[in-house]
Amino acid sequence: MRASQELTPRLFAATVVLISMCLAPAAVHAQDYRESIDGSWKLSASDDPGFAASDFDDSSWRSVQIPGNIAREKVTPEKIVWLRKTMPLAVSEQNVALLLSAVYDADEIYLNGVLIGKTGNLNSEANQYGRPRIYPIPANLIVNGDNTLAIRVKGSFRGEIGILGSYAEITTTQRANWLIWKKETNSLIFTFIYLISGIFFILLYFRVKEYREYLWYGIFAATFALQQFFRNDLRFSIGNSFLVFKLLEQLAYIALPSIYFYFFINLFKIKTKLFYHAYALINGLTAAAVIVTMRPVMWDKIISIWFFINLPFFAFYLYYTIQKAVKQKDRDAIIISAGTAVMTAATVQFFGVERGFIGGRSFFNTGVLIFNLAIAVALIYRLIQLQKDVEGRQNQLNTVNELRDRVFGYLNTLVRKPADLIAMHCKAVFSPSATQESKENTMKELEIEVDQLQNNLDDILELSRLEVITQPEYVETVNFNDFITAVIPQQSITCYIKVNPAIELNTSLELVNSMVIRLIDFPGFKEFKHIDLIITSDLNQNIHFRFLLYHDDFRQTRKLYELLTSLHPDKGSLWVKWAIVREIIRILSGHMNINIINKKFLRIDITLAARLPEKHTEKRRGERIQIRYVPPADLEGQSGEGLPVQSSPVHYEKLPELSSRMTIGDFIQYLRIRLRRKK
């Protein structure tokens, strides 16, 4: 806690310093000299050294927008063109410089007829293309009033000629350097984010090797980060080999589609075929061609052809993910399809801008960001699902361990005594002094104890199984009246049913059946003279079971009450049987209350949730049905009035024996036979 308290001020201080560093340059450069030179310029496709003169008349030249790609003006590659602009400037006492964003590709800059800087060789092929320019301007060169800026430029690429990017201005040298640093640093931040995410997913793959898509996306993100770094102007802080960096940039760019292809087929578990690897081979041959030629102009032509080869694969990604998203509602497909659509549109737009087919700025970086976010979200969702699966398996393991502990606990409490009796009887049988008659009697007692032990073991296993269940495994809907009349043995208990005839149970019928049978057959009830069951429904669509038991001896009533309300298994086998009933009610989300009335009556109330069908009208909502079952002992001395009379023999399908251990299939068959008999 103390370390956390000490760390918090440090983090706060570091945050303040970082914010100050970001805001301070803006404050420092807010009053710096700045003259924008973007807008309308004059363009000539001819080459004449006299175009640099400040008094040259360029009124007949055509107008173009700078910054902008003048390749759209039908300018031929490998041909020198001139750009001129006359604008009013003010003399400044600060050190000023001309700042231009990416220039394609060689240039010479003249201010008022004086050469202030040049980059590349106008007589050779592309070199230093796409880089920003900062040319310091001598202090006495700017005059108050009109100044003429002339740029002699040659573009080697068919689609990119001139001054591209976002800015062209005359400003202080300090501010010009800061603007470039800021732009490249912002780009570098995203580059590191991609690199870190790639490393994260690669490391994650080594934790879950069955998910190979993590590995391929990690490689994809890391490769894209390297490709972006080789484009960043800060790369020259570690080396000054322009051509080598451009080669590495192109190779990383060519590798990306193949890496993404393998990521895609692993993500959606698409079975790979031999011809799938031909795609990687095509990209490999493209990379080899780039290495062999070692000429940026040839690279441009090779990449143009290679780009169109990749378009069918992007179309396949879109088609597959959209189809999977629509038909299967697949979450990963929905997310990936959205990201792929944005990435495809951004890539096509970027290609059009780079080749001069489309005007304006490229949104490629934004599209890449959205694309990577979409993939990351899909993979993180998959990781969350994996974590849930692991937790589920862990919970299952914990459930098994808990079940084992419960079983052994009950065995220790409830089986030890019968086991000791069985051992004692076995010793008596094999005793030399035992007579034949005593052996026969002991064997009979031994059989009884073994049967009791088997019953105890069955009940213990059932109780242990129920205790680790949180909700019913199978849920079915059935009319409650039909269900209960089929379940309750008509000759063993007095039962009154007064429920809405349309009310339904929507729960585990197997558990409800087991509960009712176990209650009616509970051995502890056999000593009571009168057992009545009243079943009713209320306006809240609940089913109420009320058992009323009467015994002449209030001590027997109290003894049973203590057994039913005890939570300790040392009460014996009857406690286990009742605990099974209690657990069934818990799983069914029911409630049970047990009370003694007038010392001799024991009341057991059980409530279960039910429901009415939607089509049930308000008129029938208040209806009740009343049925009374009378055990055989109560029929003596009564007339036959009200009892079912059959005029001829009726042959019924054999009714299976109703048991609390019936399977769902057996129980459903039992219900069908009972319902057919009713009809």
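The values are calculated or read from the model by the stated rules, or taken from the named source; none is laboratory data. Small disclaimer: the values here were computed from a predicted structure and weren't measured. Ideal geometry is used to build each Cβ from the backbone, glycine not excepted, and the neighbour counts take in all protein chains shown. Accessible surface areas use protein heavy atoms only, side chains included; no ligands, DNA or RNA. Shrake-Rupley method; radii C 1.70, N 1.55, O 1.52, S 1.80 Å.
Computed values, structure above
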read-out	value
Number of the exception - Leu204 against (1) closer than 14 Å to Ala376 by Cα; (2) free of Cβ contacts under 8 Å to residues at least 40 places away in the same chain	(2)
Residue in the stretch 413-426 that is part of a helix (DSSP H, G or I), polar (S, T, N, Q) and at pLDDT below 80 present	yes
Selection status of Leu204, at pLDDT below 95 and open to solvent by 20 Å² or more (accessible area, probe 1.4 Å)	yes
Pairs with Cβ under 8 Å, 6+ apart, first in the stretch 112-140 and part of a loop (DSSP other than H, G, I, E, B), second loosely packed, with under 15 Cβ neighbours inside 10 Å and β-branched (Val, Ile, Thr)	Asn112/Val143; Pro138/Val114
So Lys79, is it touching a residue at least 60 places away in the same chain (Cβ under 8 Å) and open to solvent by 30 Å² or more (accessible area, probe 1.4 Å)	yes
Single residue of the stretch 444-472 satisfying the filter (modelled with pLDDT of 80 or more and farther than 30 Å from Ala423 by Cα) that is least open to solvent (accessible area, probe 1.4 Å)	Leu466
Criterion violated by Ala24 - all others in (1) modelled with pLDDT of 80 or more; (2) open to solvent by less than 70 Å² (accessible area, probe 1.4 Å) satisfied	(1)
Whichever residue in the stretch 527-547 is within 40 Å of the chain's Cα centre (by Cα) and surrounded by fewer than 16 Cβ atoms within 10 Å (Cβ to Cβ) and, among such residues, is farthest from Val581 (Cα to Cα)	Asn540
Selection status of Tyr260, open to solvent by less than 20 Å² (accessible area, probe 1.4 Å) and within 34 Å of the chain's Cα centre (by Cα)	yes
Answer from Ile291, Ile322, Ile336, Ile282 - the residue that is in contact (Cβ under 8 Å) with a residue 60 or more places away in the chain and not charged (D, E, K, R)	Ile336
Matching residues, the stretch 141-168, being surrounded by fewer than 18 Cβ atoms within 10 Å (Cβ to Cβ) and either without any contact (Cβ under 8 Å) to a residue 12 or more places away in the chain or more than 21 Å from Phe350 (Cα to Cα) (or both)	Leu141, Val143, Asn144, Gly145, Asp146
Only listed residue being without any contact (Cβ under 8 Å) to a residue 12 or more places away in the chain and at positive phi, chosen from Lys269, Lys273	Lys269
Total residues in the stretch 201-256, condition under 25 Å from the mean Cα position of the chain (by Cα) and in a helix (DSSP H, G or I)	17
Subset of the stretch 328-376 [of a type in the set (Phe, Trp, Tyr) and within 30 Å of Tyr205 (Cα to Cα)]	Phe364, Phe371
Unmet requirement for Lys269, which otherwise passes all of (1) assigned to a helix (DSSP H, G or I); (2) under 25 Å from the mean Cα position of the chain (by Cα)	(1)
Those strands (runs of 3 or more DSSP E) lying entirely in the stretch 51-111 with at least 2 residues among the aromatic types (Phe, Trp, Tyr) and on the phi > 0 side of the Ramachandran plot	none
For Ile597: the one exception among (1) among the aliphatic types (A, V, I, L, M); (2) closer than 19 Å to Leu511 by Cα; (3) at pLDDT below 90	(2)
Sole exception among (1) at pLDDT 90 or above; (2) open to solvent by 50 Å² or more (accessible area, probe 1.4 Å); (3) within 21 Å of Gln250 (Cα to Cα) for Val342, by number	(3)
Per-region count, the stretch 268-285, residues open to solvent by 70 Å² or more (accessible area, probe 1.4 Å), within 26 Å of Ser337 (Cα to Cα) and not basic (Lys, Arg)	5
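Residues are listed down the side, and each one gets a yes or a no for (1) in contact (Cβ under 8 Å) with a residue 60 or more places away in the chain; (2) surrounded by 21 or more Cβ atoms within 10 Å (Cβ to Cβ); (3) out of contact with any Gly (no Cβ under 8 Å at 6 or more places or on another chain); (4) within 13 Å of Ala609 (Cβ to Cβ):
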position: Pro501; (1), (2), (3), (4): yes, no, yes, no
position: Leu505; (1), (2), (3), (4): yes, yes, yes, yes
position: Ile517; (1), (2), (3), (4): yes, no, yes, no
position: Phe525; (1), (2), (3), (4): no, no, yes, no
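Rundown of residues vs (1) assigned to a helix (DSSP H, G or I); (2) open to solvent by 70 Å² or more (accessible area, probe 1.4 Å); (3) among the aromatic types (Phe, Trp, Tyr), yes/no style:
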position	(1), (2), (3)
Ala287	yes, no, no
Lys301	yes, yes, no
Pro312	yes, yes, no
Tyr320	yes, no, yes
Ile334	yes, yes, no
